[in-house]
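Notes follow once the structure below has been shown.
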Amino acid sequence: MTKLTGLRLRVFLLFASCCLSTLAFATPEEEAQLDSLDKIDQQLELQRDWAKYRWEKAQNECYKHYWVSYCLSSARSDYRKAIDPIGTQQVALHAEQRKIRESVKDQRDAQKIADRASPEKAAERAENKQKYEQKQKDAATRAADLEQHRKDAPKRSQENKAGTQLD
């Protein structure tokens, strides 16, 4: 039971620090918070798994008693008492994780928008557009040359035949 209380205290302190801190986090700090929240989530999942294990073990033991239904309902009640606080903590934890992930995504989106608006990127886009247009012109020229070459093929064939007669 002291593990559960200690975990509750850590979760509460983490949430309090998140709420009291400023809204403009640096992304590495938020990612570190996400990592710590993921670790707490893993601990809560482990507690949930152990509670489920104890419940299943109690269910198996119930079949050895005469009052099976009463024993099963008691085991189920004990299981619910164990996982209800875990579920409450997980709901709060997941809400905080969603809030931090949304903040990280917003920061990344803002950074992308700022990168697109920078003069260097604008110059790079203009250069890329110019290169693309030049490639299109070159391809059109090559296609026209190839078409002209095909049109001249019969004429070249006649010239080659005329020039290579060995009589």
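Computed from the coordinates by the stated procedures, all read-outs in this text should not be read as laboratory data. Just so we're clear, the structure is a prediction, and the values are computed from it rather than from any experiment. Don't worry about glycine lacking a Cβ; one is built from the backbone with ideal geometry, like all the others, and counts go over all protein chains shown.
Assorted remarks:
- Annotation: aspartates and glutamates with alpha-carbon distance below 16 angstrom to LYS131 (same-chain offsets under eight excluded): none found.
- With both labels modelled 7 Å from their Cα along Cα-to-Cβ, the ASN160 to ARG125 distance reads 5.0 nm.
- The packing ranking of peptides 32-41, 151-160, highest mean first, is 32-41, 151-160, where packing means the average number of other beta carbon atoms within 10 angstrom of each residue.
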